[in-house]
1. State to the nearest 20 debye the size of the charge dipole of region B:209-323 about its Cα centre, where the only charges are +1 on K and R beta carbons and -1 on D and E beta carbons.
2. Of all GluC sites (Glu not before Pro) in region B:185-235, which ones are in loop regions per DSSP and have a Cβ with at most 13 other Cβ atoms within 10 Å?
3. Expressed as a whole number of Å, what is the distance separating the alpha-carbon centroids of region B:343-417 and region A:1-40?
4. For chain A, what proportion of DSSP beta bridges, expressed in % and rounded to the nearest 5, is antiparallel?
5. Between B:Tyr183 and residues 5 or more places away or on another chain, which pairs have amide H atoms under 5 Å apart, with H built 1.01 Å from N, and which residues are they?
6. Report the charge-dipole magnitude of chain B in Debye, nearest 20, computed about the Cα centre from +1 at each Lys and Arg Cβ and -1 at each Asp and Glu Cβ.
7. Once you order the gyration tensor axes a ≥ b ≥ c over the Cα atoms, which shape class does region C:91-312 get: rounded for a/c under 1.5, otherwise prolate or oblate by comparing a/b with b/c?
8. For C:Phe81, what residues show an amide H to amide H distance below 5 Å, using hydrogens built from the backbone and excluding near sequence neighbours?
Amino acid sequence: MNTNLLDVKNLCTYFYTDEGVVYALDGVSFSVKKGETLGIVGESGSGKSVAALSVMRLVQTPPGKIVSGEVLMNGENLLKLSGKEMRAVRGGKIAMIFQEPMTALNPVYTIGSQIMESPRIHRGLSRRQARRVAIEMLEKVGIPLPEKRVDDYPHQLSGGMRQRAMIAIALCCNPELLICDEPTTALDVTIQAQILELINDLKKEMNTSVLMITHDLGVVAQVSENVLVMYASKVMEYGGVKEVFTDPCHPYTKALLESMPAVESGRERLHVIEGMVPSLSNRPEGCLFHPRCERRMEICKTLRPELIMAPAGRWVRCWLYASGPRTLGSIERG
Amino acid sequence: MKRAIPFAFLLVFAFVSATFAATDSDGPKVFRYAYHFADLELLDVHKHTTTDVMQAANPIGEALVRIDSKGVIHPLLLEALPEMSADGTLFTFKLKKGVKFHDGTELRASDVEFTFNRIFDPKTQNLNTWLCDMIKGAPEMLEGKAQTLEGFKVIDDYTFTIELGEPYAPFLAVLGCEQMMIYPKKACEEAGSNWGLTTFVGTGPFELAEFSGKEVMHAKRFEGYHGEPAKIDELFIYVMDQSTALMEYEAGNLDMVRVDNDVVAPYKTEEFAKNLVRVDLMGIIAMNMNVNMPPLDNVKVREAVSYAIDRQGLLRSFLDGNGTATNCMIPPGIAAHVDRPYEYNPEKVKSLLAEAGYPDGITLEAYVSETQEVAKVAVVLQEQFKASNVTLNVNRVDQGTYVDMRRAGQVQVPFLTWFKDISDPDNFTYTFYHSTSSQLFSSNWKDAKTDEMLARGRASMGAEREKIYLELEKYLVDEQRIVAPLYNPVFYYLVADGVSGVIYDNSLLRFYEVEISK
Amino acid sequence: MDFLLLKFILNRLWQAVVVLVGVTLIVFVMVNVAPGDPVAVMMEKKADAATIERIRQQMGLNDPLYVQYWTFLKNSFSGDFGNSYFQKLPVRALLARGFAVTGSIAVGVLLFSIAVGILMGILAAVFRGRSADRLIMLVSTLGMALPSFWLAIILQLVFGLWLKVLPISGLKSFKAYILPSVALGMIYAASLARLTRTNMLDALNQDYVRTARSKGAGETAVVVVHAFRNAAIPILTYLGTLMKSILGGSVLVETVFAINGLGRLLVDGIMKRDIPVIQGCTIYIAAVFVLMNLVIDLVYGLIDPRIRAAKES
């Protein structure tokens, strides 16, 4: 039986700014099994990146703070670890790659030395040993002439190569979980496909679990087993990717799928979701999506729905699927 | 235990006396003096005009005669004072025998001849030739028309004569000036352009150990000195900023430090009573009036202005007692000095100005150099003059600009700070008020009567001479009012406990009698 | 050294020569146009017109200006700036002596500013917003406001006279360099602290710092290895500026500590109208500027690989 590698329970991360409290993550829960890929989708401002940073405890504190919840990795709550213990986790057990490889790499050091840093920290390798590892990793991620490229600087590489280098950095210590925060957003479409394929291959080869964070539904469909749909700091729908995408329960998920341009549909204009993402420091009452929802009801305007298991077999946060006006557990007030 | 106590006492006693014994016969006796000399760049007295250079050169080199603090001339390198011919133009000298220079050579007439030739050699670019250019043949040498000095004749190794172009009473006093110190022919020629920089040899009680321009002059006692040897082994003269020097003195790193008048007030207390010494300088601070620039071309106006000065007020308040008020151009200690009366009377100023045609008062322009002490005096007078309806504008410019303007005769109210070059009344009168040089001090006074009196002064001696200068002063100061003498300055120095024997005469500090007993 | 780099250096050196010749012309004109006759200053009150004329003639001051300028320019190329009118020594020797003093103090100033300034700046950035940061910034403001000569006198008083642990004046021992370096360096340390803090804060906000932390790097490594290396680039430019200004000497601090440095040499020269000294010092300062700029550019290329690539292309 495949136990959960990662279990996130009711994670709340708020940012305390001069303008007020920003509720970036409000009661988010999900899990990832070993060898599995979970896709987290949502618009900008939905909280998906914050979720990833919270797992790694890389949230900027101040002004941010992980207020409550648990992040269990192999049963151990990461939020309770000391600084030193967490540093051993980062890069060792959990690694992360970022959206903009140009700025995510340090411009004044060679990519070789940036790769070498992880094994020297986590496996205590010497310089020569680490260099060998670096060259191996470069080869693994598909960079040609790795013995030469290892001494190149980031600005000497193309966008796709830089992202491969980032992947090399992330995977060189064999982490159990790889978090990818919009890894392909800044790349050309053709390179996109290559990178995703690379991540998939390596994931299979090294039996790594992946958290794929993106706003691109196509990417999620391509690589994930499960999908988490986030909106304005909360989870809206959570389930298997095939099921969610063929038969979306939440109106938001439906709207997202409809917004995807499809050549065969013959439509002349793109479908647009009316309205804008709400400000996370000044959230609407009731369901956070109701101002933009095509199917809103009276109750949606006043009471916040809870995450419940819908008849279709997925977790959904919507009054449409509630068995009654009340559900199990306490009701959140807006 | 009982026996340990006297033993302990013995130990302590031995230890203490050992330390005392050590301090008694410790190292060489070193005397260290510091002042913020502005111009101590070299030691060759032919190349500079300021006392900074003379002060540092003085322990090393000697002139033919010496003048004491009362103005009396004594032979120094001579057996006796020179004989003067009846017409006052020819002087015969006999050198003391066995006087050694620091390089071991003996002082001969040839060295004196060499020195005088060097003074007038155009290649030397000597700035002090005006002191002695009345020697026959000097102008010709300076113009390059002659190679040697016609007025100097060597009779034998120890005898020589000097002939003047015309009688000049102050000549003996001139020979006592530091600028006339005798250089050794051999050492000076060998040193070439390094003379006064790395090499400097004389007959004085100290010989040069090291010189670094604008930093330090270090000298050691000369064991072969022809007179009474010095009582200290080493002498250091440092160039140091005033506040730094005072700090070093208080830290015990200096034995003597000169203290400027504007910072001396805190030292006039009981604590420093034994260490602070006040010295009267042979100098005068005066206010000249430019007779070419109206309204000062009117003698009544000049008379009026002279009553606008409150000397006592100046001394009491601003100068803090650091000076002596005077209305005489010639300072005390020099012949023809006399206490002349003066008066401060603003009402008289106003009525005299009205008489002269200026009922509403006048405006005068003074220019001062920022580096001059007297700049501040000008500002005090500016304030005082207001009571007399006289507006005195004090314009501050830098040294170079000021010198230019003053020499062109373009300063309306120039302030004069003069310290004696020669202990002689001629030095305080001829220099500024003779028609050939008055422009250079922005006095512009060109008067036949004055010139005639100055010439007579040069040609006479004794009591008759003194009378001439007293008369001249009365004429210039009381009648023509071309100058208002203000005060004679003083200076102070601090000397450490156990140090004695510092002398001040003929405008320089002398260290050859300094004793250190610590 | 590859050809492109050599070409770059030679080109800059040629520009330097042009600049220096321009400087000689400007200085010569200004010094000769300004009022004040050096010989009259030398003679002070003993103003005897005939003597002054004669000496001016002998010193070549009565030659037509273009002749004087040409002689000066010609000699400058061989490093001969003539002899000081007042100190009678060759200006070259005076410059060398002054440079030995000012240069050695410059090293002390550099060490002090770097050690104190950069360290304080890094600490202020790391503890941003907390009391350590506020304290450091307060001290830095004070450091920039205090006049250097005042600070020099206070240091002399406290450490030289009261505590008696350091010399009051002179440069006779290694210890003697401490007070002048601190007095002169305080203002640079203060500005460096601010500059370092700003650049460090900037660097610490960059994505690559987040990447480093995500690798599990410790805070010290993040601050020193990742952030500082990037923040150091503009700091180095500032250090170049610091050197340029220090190598010109500082007359006030030199006076307080009784040191014969270049500041006093130049200021005394100007006050007395010692033309050869003024000319020599000004050319020296211009040369220092030009050379330091070249050095900064070269070092920039060394430490920032992106610039090196741009230069090589």
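A short reminder: the numbers here are calculations on the coordinates, not readings from a lab. All of these numbers come straight from a predicted model, not from anything done at the bench. Note that we place each Cβ from the backbone using ideal geometry, even for glycine, and neighbour counts take in every protein chain shown.
1. 540
2. Working: sites: B:Glu189, B:Glu190, B:Glu207, B:Glu210, B:Glu215, B:Glu223, B:Glu234; in loops: B:Glu215, B:Glu223.
Of the GluC sites (Glu not before Pro), the ones in loops of region B:185-235 whose Cβ has at most 13 other Cβ atoms within 10 Å are B:Glu223.
3. What the calculation gives is 88 Å, centre to centre.
4. Numbers: 33 of 52 bridges.
In chain A, approximately 65 percent of DSSP beta bridges are antiparallel ones.
5. Placed amide hydrogens put B:Thr115 under 5 Å from B:Tyr183.
6. Numbers: 50 positive and 74 negative charges, 134 e Å.
So the dipole magnitude of chain B works out to roughly 640 debye.
7. oblate
8. Residues meeting the amide H criterion: C:Val91, C:Arg92.
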